[in-house]
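Here's the structure, in structure tokens; my notes come after.
No value in this document is a laboratory result; all are computed from the given coordinates. This one's a predicted model, so the numbers in the text were calculated from it and none came from an experiment. Here the Cβ is made from the backbone with ideal geometry for all residues, glycine too, and neighbour counts use every protein chain on show.
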Amino acid sequence: MSLEATLAVLAASLGLAVLGWIMQRRPRRSLDPPVVPWTAVQVVAVVVALLMAAHLVSLATGRPFTGRRGF
């Protein structure tokens, strides 16, 4: 994945996380559950943002992210 695509996915996932946070903070007018589970949207968006941040680090350093064990 190129740098531009990584930055685009990172920005989109952060935008979705912020949108989920805003939608969770809105006052509800009725006791019906929301149609979109905004907490789940936030969790998925934050996980994707963390993955893209790790990929961005590997693109910046030129070495793949290997983790603690080195493989």
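Observations on the model:
- Label-point separation in nm, Val46 to Leu3, each point 7 Å along Cα→Cβ: 3.0
- Computed lengthening from Thr61 to Arg25, 0.36 nm per intervening residue step minus Cα-Cα distance: 9.1 nm
- The structure shown yields P(r) over Cα pairs in 5 Å bins from 0, in percent, and of the options (i) 3, 16, 31, 29, 14, 4, 2, 1, 0; (ii) 3, 16, 20, 17, 13, 11, 8, 5, 4, 2, 1; (iii) 3, 17, 31, 27, 10, 6, 4, 2, 0 that calculated value carries the label (ii).
- Per-residue Cβ neighbour rank within 10 angstrom, fewest leading, Met23, Met52: Met23, Met52
- Charged neighbours of Leu19, selected by a Cβ distance under 12 Å, balance to +2 (K, R count +1; D, E count -1).
- Note on Ser30, Ser2, Ser13, Ser58: ascending count of other Cβ atoms within 10 Å places them as Ser30, Ser2, Ser58, Ser13, the fewest first.
- Computed from backbone phi, the HN-Hα couplings of region 7-16 come to 5, 5, 5, 5, 5, 5, 5, 5, x, 5 Hz, rounded to whole numbers (Karplus: 6.51 cos²θ - 1.76 cosθ + 1.60, θ = phi - 60°; Gly and Pro given as x).
- C-alpha long axis of helix 38-61 to longest principal axis of the chain, angle in °: 20
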